[in-house]
1. In a Gaussian network model over the chain where Cα atoms closer than 10 Å are linked, find which of GLU53, GLU31, GLU12 has the largest mean-square fluctuation.
2. Which of these, GLY58, GLY78, GLY30, has the largest mean-square fluctuation under a Gaussian network model of the chain (Cα springs below 10 Å)?
3. Starting from one equal scatterer on each C-alpha and no solvent at all, send me the Debye-based log10 I(q)/I(0) for region 17-98 at q = 0.12, 0.16, 0.21 Å⁻¹, two decimals.
4. Which links in LYS24/LYS49; LYS33/LYS87; LYS24/LYS57 stretch past 21 Å when you go from one Cα to the other?
5. With each pseudo-label sitting 7 Å past Cα toward Cβ, what's the GLU31-ASP71 distance in nm, one decimal?
6. Carbon-plus-sulfur fraction of the accessible area of region 1-90, 1.4 Å probe, in percent?
7. Just by accessible area at a 1.4 angstrom probe, what is the order of THR60, THR45 from largest to smallest?
8. Per DSSP helix of 4 or more residues, -39500 (n - 2.57); summed, then divided by the residues of the chain. What does that give at 222 nm, rounded to the nearest 500?
Amino acid sequence: MQLTLEFGGGLELLCDSVKIHNVKVDPLDGEDKLTMKDLLAWVRTNLIKERPEMFMKGDTVRPGVLVLVNDCDWELSGQLSTTLEEKDNVVFISTLHGG
């Protein structure tokens, strides 16, 4: 499944400073759909190059990370159970900033 993943608000620093990633992610064996929970596990393994604890806590994103799926807050679409489709756009934005 082809997806576009975008990282902002400083999260791109965890991915070698690359903001936009066009990726191919396959559903888990035996599954016919890809969920956000599956995608987050894939991102942790394949894209995050350093300090994964700054992006994830357990099997979800850390508090303070806004997640948009096709410009819609994932809290409105089921969070971890949100089903992704071909060519979806998923954006991760950190709302926490140092000062």
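1. Looking only at GLU53, GLU31, GLU12, the biggest GNM fluctuation is shown by GLU31.
2. GLY30
3. Evaluating at q = 0.12, 0.16, 0.21 Å⁻¹ gives log10 I(q)/I(0) of -0.33, -0.61, -1.10.
4. LYS24/LYS57
5. Taking the simple label geometry, GLU31 and ASP71 are separated by 2.7 nm.
6. Solvent-exposed carbon and sulfur of region 1-90 make up 48 percent of the total.
7. THR45, THR60
8. After summing the helix terms and dividing by the residues of the chain, the value is -3500 deg cm²/dmol.
The values are calculated or read from the model by the stated rules, or taken from the named source; none is laboratory data. Predicted model only: the values in this text are computed from it and were never measured. Because the Cβ atoms are built from the backbone with ideal geometry, glycine has one as well, and the counts that use them run over all protein chains shown. The protein model used for the area step is the full one, side chains on, heavy atoms only, and it has no ligands, DNA or RNA in it. Shrake-Rupley method; radii C 1.70, N 1.55, O 1.52, S 1.80 Å.
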